[in-house]
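Asks: I'd like to ask some things about the structure below.
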Amino acid sequence: MKTRQGFVSNSSSSSFIIKLSDITEQQHIDILNYLDNPTPNKKGWQDCKWHYKYDGEFLKGDTCMNNGVFEEWLKKNKLSDKVEVEESY
């Protein structure tokens, strides 16, 4: 899947889509663990609660404020090329 580059640090919302066949079962578990327990960013803010659902062969989700933390987590866990993330302003 294609990943959007050049995230804006103060975006007001973020959404993603993951084709489940593109990730391992462990990666799927790790993503759900992250979404249920977002990590603080450098300023100490946490992502707003992630809302996600399964839509056929995809896991789709959104949040009210991402601030780049999910992008950093994806890079750290070598998942950037598996997840399409879109931020809106």
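Every number here is computed from the coordinates shown, using simple stated rules; none is lab data. The model shown is predicted, which means the values in this text are computed figures rather than measured ones. Note: ideal-geometry Cβ built from the backbone for every residue, glycine included; neighbour counts use all protein chains shown.
Asks: What ranking of 73, 50 emerges when the number of other C-beta atoms within 10 Å of each C-beta is taken as an exposure proxy, fewest first?
Replies: Numbers: 73 18, 50 21.
Least crowded to most crowded, the residues run 73, 50.
Asks: Measuring from label point to label point, each 7 Å out along Cα→Cβ, what is the residue 49 to residue 76 span in nm?
Replies: The modelled label-to-label distance comes out at 2.3 nm.
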